[in-house]
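Below is one structure, written out as structure tokens, with a few remarks after it.
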Amino acid sequence: MRTRTIALTLVISAAAASFLTAGNRMSYIYKRGNVQTMRISGEFHKIAPIARKYGSEFVWIRLDGREYVIRDAATLADVRNLFRDVEALDPEIRAVERRLRPLEEQLDEVEERVDYAGDTLGDEDDLSDTERENLEDKLRVAEREMRELESKMKPLEREQERLDRESERREKIAEAKFEKLVERAIADGIAQRVQ
């Protein structure tokens, strides 16, 4: 599964973890600049040292217990091309995330107001009728705001889900081709064995 890293901050997706537990025999890290595409299980502590050791662009592979590194320019160009379709979605994904972020922040603020009003109404037996009515009014206003925000978010969330599904579909295709390319590089001696 492909993951983005900035300054080697890593996020490993749940899909990658489930893919690995399905018995996959290959782990890899493909690094190009600040972008890493990877599928690795259990040995997350190895990621940063590997990235530092091999530079700005490389493929590190563990296949059937053996480790290899690819730094051959032609093979790396082939790898870049394999993931090009996946990366082509990045601008759309980021645009949807940018549009969703302020709505999510507004929703968080409104939810805090709803929680406060609800908690206060539920916990305070000694509220005056005026205080109770004021809180109930605030609660109704906040709940209406929440529904409006959720309504605005739904189409963006559906678009985000569509893009995520398309990205996963493209990733599976790219990874299948990537595995064949790596196995060929190992067989042809292009991948160097790591001791």
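Annotations
- Residues in the range 165-187 that are under 19 Å from Leu89 (Cα atoms) and either over 16 Å from the mean Cα position of the chain (by Cα) or of a type in the set (A, V, I, L, M) (or both): Ile173, Ala174, Glu175, Ala176, Lys177, Phe178.
- Residues of the range 165-180 satisfying the condition of being surrounded by fewer than 17 Cβ atoms within 10 Å (Cβ to Cβ) and either touching a residue at least 40 places away in the same chain (Cβ under 8 Å) or among the basic types (Lys, Arg) (or both): Arg165, Glu166, Glu168, Arg169, Lys172, Ile173, Lys177, Lys180
- Leu139 being surrounded by 13 or more Cβ atoms within 10 Å (Cβ to Cβ) and out of contact with any Gly (no Cβ under 9 Å at 6 or more places or on another chain): no
- Those helices (runs of 4 or more DSSP H) of the range 72-131 in which 2 or more residues are out of contact with any Phe, Trp or Tyr (no Cβ under 7 Å at 6 or more places or on another chain), of a type in the set (Asp, Glu) and loosely packed, with under 13 Cβ neighbours inside 10 Å occupy 90-123.
- Of all residue pairs spaced 6 or more apart or on separate chains, those with beta-carbon atoms under 7 Å, a first member in the range 59-83 that is farther than 18 Å from Val35 by Cβ and a second member that is of a type in the set (D, E, K, R) and modelled with pLDDT under 90 are Leu63/Arg25; Asp64/Arg25.
- Only one of Glu133, Glu145, Glu150, Glu161 that is among the charged types (D, E, K, R) and farther than 30 Å from Glu92 by Cα: Glu133
- Residue check, Arg184 more than 30 Å from Arg80 (Cα to Cα) and free of Cβ contacts under 8 Å to residues at least 12 places away in the same chain: no
- The residues of the range 24-64 that are modelled with pLDDT of 85 or more and of a type in the set (A, V, I, L, M, F, W, C), listed by number, are Met26, Ile29, Phe58, Val59, Trp60, Ile61, Leu63.
The values are calculated or read from the model by the stated rules, or taken from the named source; none is laboratory data. Predicted, not measured: the structure shown is a model, and the values here were computed from it. Ideal geometry is used to build each Cβ from the backbone, glycine not excepted, and the neighbour counts take in all protein chains shown.
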